[in-house]
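Following: one structure in structure tokens, then a few remarks.
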2 protein chains.
Amino acid sequence: MQSIGVGLLGCGTVGTGVARILLENASLLKARVGAAIKLKRVADIDLEKDRGIPFKKGVLTKDAFAVVEDPAIHMVVEMIGGLGVAKELILRAIENGKHVVTANKALLAVHGNTLFSAAVKKGVDLAFEASVGGCMPVIKTLRESLVGNKIESMIGILNGTCNYILTKITREGSTFQEALTQAQARGFAEADPTLDVEGHDTAHKLAILSALAYGMKINLNDIYVEGISGITPLDIDFARQFGYTVKLLAISKNLEDRVEARIHPTMIPENNLLSSVNGSVNALTLTGDRVGDMMLYGYGAGMMPTASAVVADVVDLARNMLSGSRPLRVPIFSYQKRRIQRLPVVPIGDIHTHYYFRFSALDRPGVLSKIAGVLGNHRISIQSVHQKGRKTNGSVPVVMLTHRAKEKNVARALSEIAAMDVVDAKPILIRIEEEGTP
Amino acid sequence: MQSIGVGLLGCGTVGTGVARILLENASLLKARVGAAIKLKRVADIDLEKDRGIPFKKGVLTKDAFAVVEDPAIHMVVEMIGGLGVAKELILRAIENGKHVVTANKALLAVHGNTLFSAAVKKGVDLAFEASVGGCMPVIKTLRESLVGNKIESMIGILNGTCNYILTKITREGSTFQEALTQAQARGFAEADPTLDVEGHDTAHKLAILSALAYGMKINLNDIYVEGISGITPLDIDFARQFGYTVKLLAISKNLEDRVEARIHPTMIPENNLLSSVNGSVNALTLTGDRVGDMMLYGYGAGMMPTASAVVADVVDLARNMLSGSRPLRVPIFSYQKRRIQRLPVVPIGDIHTHYYFRFSALDRPGVLSKIAGVLGNHRISIQSVHQKGRKTNGSVPVVMLTHRAKEKNVARALSEIAAMDVVDAKPILIRIEEEGTP
């Protein structure tokens with residue numbers, strides 16, 4: 001085999017990055033791989049746009065289906081995204097015996113089990129390094145480098161938009177809305193930011209990582225998801241006074257017969273390395289029974305960092321083909337198919353963690369004792385209390401950190417407290433993560 | 001092929017860790033790999049030691065050469081270390097057509113080109129993930145994940161002993177000797193710590209990384225090496241006042257036709273993520289032309305983190321065998337053999353960087369101007385000066401940070417200044433690194 005034929009579906013931001021690396025770094029790739037990787041066809045709905053790439057005549061096409069049928073193409077790179085035609089094209093490519101590379105985390109989180117089964121049945125590879133963490137090799141690290149480890153937990157910052165916004169609020173005291181507007185102006189947030197700021201994008205990624213780490217079927221629906229749109233500069237400021245930073249974390253823990261998997265704004269100690277991860281950067285801490293804590297850090301999005309991860313997958317599959325390896329040299333989801341289990345995700349009400357509460361209470365004697373009384377009734381033990389005199393409309397913020405408590409009890413207590421006459425706004429809750437991070 | 005036969009040479013700390021992972025996590029490995037990895041023979045000079053492992057009868061042997069001759073063994077794991085018999089055993093194993101896994105950075109840094117050629121000639125694999133960075137997948141990241149990138153620079157903390165000692169000095173104001181003694185007492189430093197504290201171990205690792213990153217032959221001898229035994233709490237304290245932390249860094253830069261490769265104590269800005277890497281931990285920042293900055297972080301030494309990396313290599317090679325792949329699926333040194341160049345390493349005198357100087361000068365008028373005059377004559381421009389009144393025996397420390405200057409000029413200036421009557425001790429120099437780190 002003298003060269004590997006690649007077909008690219010979708011030539012938007014990341015797709016253009018992939019095309020550029022394959023063309024601009026072609027000589028470097030050949031020096032490393034020992035054969036040429038040829039971008040034979042590129043399908044996109046927009047053939048007029050100037051992508052700054054001198055595609056040869058006949059490479060660009062509007063017909064994505066023609067690409068997945070083309071016998072000269074060994075490998076299809078799907079960069080269309082979304083749950084629509086991308087799925088159909090990937091399944092057709094698999095059916096035609098072509099290997100597939102994708103960065104489509106939403107598709108994998110929702111239909112990954114189906115795609116995975118189709119690929120295994122047909123005996124082709126499905127690679128998706130770029131679906132989580134951009135340039136960070138999280139998928140390869142889980143599937144290969146930590147193969148001798150039982151993964152105990154994963155805690156990470158997996159959405160650059162949210163981290164950019166939280167960094168802005170933390171550093172400049174902006175409101176969520178101000179920070180979001182700036183992120184949009186600077187190209188760090190989409191026009192419709194819901195998928196990012198409400199945590200769904202992070203949940204897609206955690207669904208994929210949990211499957212790989214624990215040998216479980218992908219289960220997006222049971223992941224608890226809470227975004228950052230309710231985060232205020234006031235809470236970030238209180239967090240700082242207690243020695244914490246607020247990050248949107250993906251948290252996943254291996255409890256043997258069950259797993260925790262949740263996305264929410266989280267307070268972490270300032271000396272935790274994840275606290276120093278600022279701006280539109282991603283980082284993931286992996287804890288294995290043999291390696292202890294390990295962290296990966298890098299650009300989680302953007303044209304080139306993501307394209308770099310896509311090209312790593314293309315090369316990985318090219319190396320399989322060039323070395324005569326059978327496909328599925330590494331099992332797609334890290335475990336042999338028959339060893340993949342259905343592991344239940346712990347409902348959010350059943351988790352135990354530390355909490356930060358902020359109540360907006362009337363500035364009257366006895367209020368604190370009433371609140372504390374309700375918490376006590378629900379077996380929530382207070383670690384520290386902070387009552388600041390910043391009165392707004394007759395109310396003061398009462399801030400508390402708790403010892404480990406059960407979420408279900410916390411929810412009940414907070415709903416009782418919210419109903420009290422002396423409390424005049426919905427209580428704020430931020431979970432605290434003390435463990436599992438370096 | 002139902003199972004893969006592994007022979008282990010050397011069952012000391014890391015060797016024992018490898019044996020434990022292969023035995024204790026055998027079921028997990030089988031679920032991931034799809035076949036059993038069997039530890040068939042273990043050679044060590046000490047057969048009596050209790051390693052807490054129930055080896056089957058006949059597994060343990062004193063005869064390492066019998067292991068590399070055993071036809072039931074597909075893969076030899078060399079954990080003896082050093083430049084002696086390890087080399088001979090590896091070459092014999094290669095000659096016998098067995099794949100080899102090693103963590104022996106000294107051997108690779110000194111004889112890597114020979115071993116590499118022998119393996120390529122015979123058509124077997126030589127894997128060495130555990131030789132650099134313990135559990136961090138630095139080798140795999142360079143050879144696979146960043147394959148689409150031209151690597152521009154690598155900056156890292158690659159020796160846990162040095163980082164432990166520097167962290168101690170920084171946090172507790174201990175002297176180097178006190179910190180070393182404590183490191184030895186806690187098992188973080190060898191009885192003879194020279195290889196670690198004088199920077200040679202770090203140099204071995206950088207020699208390997210540079211070869212992989214830039215496609216060059218291993219060249220240990222031209223790497224500039226300076227250890228940490230001259231670092232004082234006083235200089236660390238001054239560094240802190242200027243907003244810097246002192247780390248022993250491996251620094252390597254791709255200048256196209258030449259490379260920089262040097263090991264020395266380095267001042268880095270406090271907000272650089274590497275500044276937060278404390279204790280016996282390793283971290284490596286990689287900068288690629290496509291990914292920008294990426295960082296890996298984890299335990300760089302110790303029984304289990306290193307053994308985890310060894311097992312990752314064992315599985316990688318096992319997966320090649322099980323999938324019918326030809327050996328050398330990924331080129332051992334990241335580039336096809338014929339594309340590996342001899343790239344010169346820039347002599348230390350020719351580098352340009354920022355500097356910290358500390359002079360011990362008599363507390364007299366005009367001294368500062370004399371020192372500044374000499375620096376000016378050698379085209380060294382001062383960025384800031386700090387003269388503290390802490391007089392010792394009539395002398396005061398004069399501390400300066402410079403703009404970018406050429407090392408050769410700095411050396412000449414410092415030797416002139418050292419000869420001045422008003423200067424009563426050898427000037428202290430610490431290089432500053434402002435670039436290439438996140």
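The values are calculated or read from the model by the stated rules, or taken from the named source; none is laboratory data. The model shown is predicted, which means the values in this text are computed figures rather than measured ones. Neighbour counts run over all protein chains shown; Cβ positions are idealised from the backbone, glycine included.
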Some residue of the range A:305-325 being surrounded by fewer than 22 Cβ atoms within 10 Å (Cβ to Cβ), more than 7 Å from chain B (Cβ to nearest Cβ), among the polar types (S, T, N, Q) and without any contact (Cβ under 8 Å) to a residue 60 or more places away in the chain: no
Which numbered condition A:ILE169 misses (of (1) in contact with a Pro (Cβ under 7 Å, 6 or more places away or on another chain); (2) among the aliphatic types (A, V, I, L, M); (3) more than 20 Å from A:ILE228 (Cβ to Cβ)): (3)
Some residue of the range B:208-226 being closer than 18 Å to B:VAL132 by Cβ, among the basic types (Lys, Arg) and either surrounded by fewer than 22 Cβ atoms within 10 Å (Cβ to Cβ) or touching a residue at least 40 places away in the same chain (Cβ under 8 Å) (or both): yes
Among (1) of a type in the set (D, E, K, R); (2) under 18 Å from the mean Cα position of the chain (by Cα); (3) not assigned by TED's automatic domain parsing to the domain that holds A:HIS74 - the single one A:LYS168 does not satisfy: (2)
Odd one out for A:GLY227 among (1) within 14 Å of chain B (Cβ to nearest Cβ); (2) closer than 21 Å to A:THR167 by Cβ; (3) not in a helix (DSSP H, G or I): (1)
Members of the range A:232-285 that are among the aliphatic types (A, V, I, L, M), within 12 Å of chain B (Cβ to nearest Cβ) and not in a helix (DSSP H, G or I): A:VAL277, A:VAL281, A:ALA283, A:LEU284
Evaluation of A:MET295 against (1) within 26 Å of A:LYS150 (Cα to Cα); (2) more than 7 Å from every other protein chain (Cβ to nearest Cβ); (3) not small (Gly, Ala, Ser) (one fails), failing number: (2)
Every residue from the range B:71-88 that is outside any loop (DSSP other than H, G, I, E, B) and within 18 Å of B:ILE332 (Cβ to Cβ): B:MET75, B:VAL76, B:VAL77, B:GLU78, B:ALA86, B:LYS87
Output for the range A:339-388, where each listed residue is in a loop (DSSP other than H, G, I, E, B) and touching a helix residue (DSSP H, G or I) at 6+ places or on another chain (Cβ under 9 Å): A:ILE340, A:LEU343, A:PRO347, A:ILE351, A:HIS378, A:ARG379, A:ILE380, A:SER381, A:LYS388
Every residue from the range B:334-358 that is out of contact with any Leu (no Cβ under 9 Å at 6 or more places or on another chain) and either away from chain A (no Cβ under 14 Å) or more than 30 Å from B:THR114 (Cα to Cα) (or both): B:ARG342, B:PRO344, B:VAL345, B:PRO347, B:ILE348, B:GLY349, B:ASP350, B:ILE351, B:HIS352, B:THR353
Test: residue in the range A:146-169 that is closer than 18 Å to A:VAL110 by Cα, more than 14 Å from every other protein chain (Cβ to nearest Cβ) and out of contact with any strand residue (DSSP E or B) (no Cβ under 7 Å at 6 or more places or on another chain): no
Any hit, the range B:11-28, residues being part of a loop (DSSP other than H, G, I, E, B), surrounded by 19 or more Cβ atoms within 10 Å (Cβ to Cβ) and within 13 Å of chain A (Cβ to nearest Cβ): yes
Condition check for B:ARG364: surrounded by fewer than 24 Cβ atoms within 10 Å (Cβ to Cβ) and at pLDDT below 95: yes
Yes/no for B:ASN219 being in a loop (DSSP other than H, G, I, E, B) and either closer than 24 Å to B:TYR297 by Cα or more than 17 Å from the chain's Cα centre (by Cα) (or both): no
Options B:LEU107, B:LEU83; residue that is buried (at least 17 other Cβ atoms within 10 Å of the Cβ) and within 22 Å of the chain's Cα centre (by Cα): B:LEU107
Subset tally (residues that are within 32 Å of the chain's Cα centre (by Cα) and without any contact (Cβ under 8 Å) to a residue 40 or more places away in the chain) for the range B:383-432: 6
When residues of the range A:60-75 are limited to those that are touching an Asp or Glu at 6+ places or on another chain (Cβ under 9 Å) and closer than 22 Å to A:GLY17 by Cβ, the one surrounded by the fewest Cβ atoms within 10 Å (Cβ to Cβ): A:LYS62
Qualifying residue in the range A:235-258 (condition: of a type in the set (Asp, Glu), in contact (Cβ under 8 Å) with a residue 12 or more places away in the chain and under 30 Å from A:SER117 (Cβ atoms)): yes
Filtered residues of the range A:34-50 (kept if touching a helix residue (DSSP H, G or I) at 6+ places or on another chain (Cβ under 6 Å), within 25 Å of A:LEU322 (Cα to Cα) and either hydrophobic (A, V, I, L, M, F, W, C) or within 14 Å of chain B (Cβ to nearest Cβ) (or both)): A:ALA35, A:ALA36, A:ILE37, A:LEU39
Residue within the range B:178-191 that is of a type outside the set (Ser, Thr, Tyr), under 19 Å from B:GLU260 (Cα atoms) and not in a loop (DSSP other than H, G, I, E, B) present: no
A:SER276 surrounded by fewer than 24 Cβ atoms within 10 Å (Cβ to Cβ), touching a Ser or Thr at 6+ places or on another chain (Cβ under 6 Å) and under 21 Å from B:THR287 (Cβ atoms): yes
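The rows are residues; the columns are (1) in a loop (DSSP other than H, G, I, E, B); (2) free of Cβ contacts under 8 Å to residues at least 12 places away in the same chain.
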{"site": "B:ALA118", "(1), (2)": "no, no"}
{"site": "B:LYS121", "(1), (2)": "no, yes"}
{"site": "B:VAL124", "(1), (2)": "yes, no"}
{"site": "B:CYS135", "(1), (2)": "yes, no"}
{"site": "B:ILE139", "(1), (2)": "no, no"}
{"site": "B:ARG143", "(1), (2)": "no, no"}
{"site": "B:ASN149", "(1), (2)": "yes, no"}
{"site": "B:SER153", "(1), (2)": "no, no"}
{"site": "B:GLY156", "(1), (2)": "no, no"}
Odd one out for B:LYS57 among (1) more than 14 Å from every other protein chain (Cβ to nearest Cβ); (2) basic (Lys, Arg); (3) not in a loop (DSSP other than H, G, I, E, B): (3)
Cross-chain or 6+ apart pairs with Cβ under 8 Å, the range B:93-113 first and outside the structural domain of B:ASP196 (by TED's automatic domain parsing) and in a loop (DSSP other than H, G, I, E, B), then aromatic (Phe, Trp, Tyr) and at pLDDT 95 or above: B:ALA103/B:PHE128; B:ASN104/B:PHE128
Which numbered condition B:HIS378 fails, given (1) under 30 Å from B:VAL132 (Cβ atoms); (2) touching a Lys or Arg at 6+ places or on another chain (Cβ under 6 Å): (1)
Filtered residue count, the range A:97-146, keeping only those that are hydroxyl-bearing (Ser, Thr, Tyr) and within 18 Å of A:TYR299 (Cβ to Cβ): 2
Filter result for B:LYS150 (surrounded by fewer than 24 Cβ atoms within 10 Å (Cβ to Cβ) and assigned by TED's automatic domain parsing to the domain that holds B:TYR335): no
